[in-house]
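First up is the structure itself, then whatever we jot down about it.
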Amino acid sequence: MLALPDAAILLGRTAADWRGAVLLAGEALQAAGFVQQSYGARMVGMVEEFGAYIVIAPGLALAHARPGPDVLAPGMSVVTLAEPVVFGHPYNDPVSVVLGLAVITADEHVAGIAELANVFNDPAALGRLGAARSAADVRAVFEAPGVL
Amino acid sequence: MKIVAICGAGVGTSGILKVNAERALARLDIEAEVTAADLASVAVAAADAQVILTSPEFVDRLGKTNADVIVVQNYFDLDELSAKLEAALG
């Protein structure tokens, strides 16, 4: 599992638009010491360049950028939004949960990514994240029995 | 059989697509090698691939390819992935 400390978890936040939501995920990664400030803007840049493909399932965006010098340590962040925001995805809008992902190399974190797939292959996981009231609630979703 | 999952950076979403494609293939009892790559390297990565898996945003950016292009809506829906892979490979 990728590191997910309390500092990387923001619950019930408000974002004006998708950029604000992605930047919140970047702020959380920065607060946890995983990235420098520029990483959030680079995550926004991925969507500006390629579109809303990071909205990989209904209601869920996986914000990330390429590895770079502004990634200090591998880790992830979780942002739940009080009001869902539209990313412009043809099927999966609006988004209520944004995951931020920071990795040092593409290959190194295959296991962590596989565990993310394990978590969200359970259709109930997104609802449980949206309803989380504490960092412990969030971590419980990722550490559910059978996941690790 | 070679399958390539394509995304913008080649580190996040294509990794999830790769993992779940492997699960769907195991479910279908189809043997295939699945790799993840970014859009910039698609020409090389997918040169000898039978299937490209990607999201709606990338379809028009893939360029010329002989591979079957499968567009995935929900990366976590193994039923969708299995059905689309079976239709392409079956």
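Of the residues A:Val138, A:Ala102, A:Ala57, the one whose Cα sits farthest toward the positive end of the charge dipole of segment A:6-142, with +1 on the Cβ of Lys and Arg and -1 on the Cβ of Asp and Glu, is A:Val138. Between B and A, buried accessible area from a 1.4 angstrom probe totals roughly 2200 Å², ignoring ligands, DNA and RNA. Considering only the Cα atoms of chain B, their convex hull presents on average a projected area of 4.9 nm². Spin-label model, A:Arg128/A:Thr105: points 7 Å from Cα along the beta carbon direction are separated by 3.3 nm. Database remark: amide H of B:Ala49 closer than 5 angstrom to no amide H (H placed geometrically; neighbours at sequence offset of 5 or more, or on other chains; Pro and chain starts carry no H). Of the GluC sites (Glu not before Pro) in chain B, the ones in a loop by DSSP (not H, G, I, E or B) with at most 14 other beta carbons within 10 Å are B:Glu31. Could you compute the FRET efficiency for B:Ala26 and A:Glu143, with r as their C-beta to C-beta distance and R0 at 22 Å, rounded to 0.05? For R0 = 22 Å, the calculated efficiency reads 0.35.
Under 15 Å from a label point set 7 Å out along the Cα-to-Cβ vector of B:Lys2, the amide N atoms of segment B:45-85 belong to B:45-53, B:65-68. Under the criterion of Cα pairs below 8 Å and six or more residues apart, the relative contact order for chain A equals 27 percent. Our analysis of segment A:6-142 gives Rg over Rh at 0.92, with the two radii drawn from alpha carbon positions and Rh computed by the Kirkwood formula. Within 10 Å of the Cβ of each residue in A:94-105, the mean number of Cβ atoms contributed by other protein chains is 1.
Using a 1.4 Å probe and counting only protein heavy atoms, arrange B:Lys64, B:Lys84, B:Lys2 so the residue with the most accessible area comes first. Let's see the in-between values first.
Values: B:Lys64 205, B:Lys84 60, B:Lys2 40 Å².
Per-residue accessible area, sorted high to low, gives B:Lys64, B:Lys84, B:Lys2.
Other protein chain C-beta atoms within 10 Å of residue C-beta, averaged over B:63-76: 3. The phi torsions of segment A:127-132, fed into the Karplus equation with coefficients 6.51, -1.76 and 1.60 and a -60° offset, translate into couplings of x, 5, 5, x, 8, 4 Hz, rounded to whole numbers, with Gly and Pro shown as x. The string of couplings for segment B:16-30 from the Karplus curve (6.51, -1.76, 1.60, θ = phi - 60°) is 5, 4, 4, 4, 6, 5, 4, 5, 5, 5, 4, 5, 7, 6, 10 Hz, one whole number per residue in order, with x for Gly and Pro. Expressed as a whole percent, the accessible surface of segment B:2-75 that belongs to carbon and sulfur atoms is 45, based on a 1.4 Å probe.
The values are calculated or read from the model by the stated rules, or taken from the named source; none is laboratory data. Since the structure is predicted, the reported quantities are computational estimates derived from the model, not experimental observations. Reconstructed Cβ throughout: ideal geometry from the backbone, glycine too, with neighbour counts over all protein chains shown. Heavy atoms of the whole protein, side chains included, go into the accessibility calculation; ligands, DNA and RNA do not. Shrake-Rupley method; radii C 1.70, N 1.55, O 1.52, S 1.80 Å.
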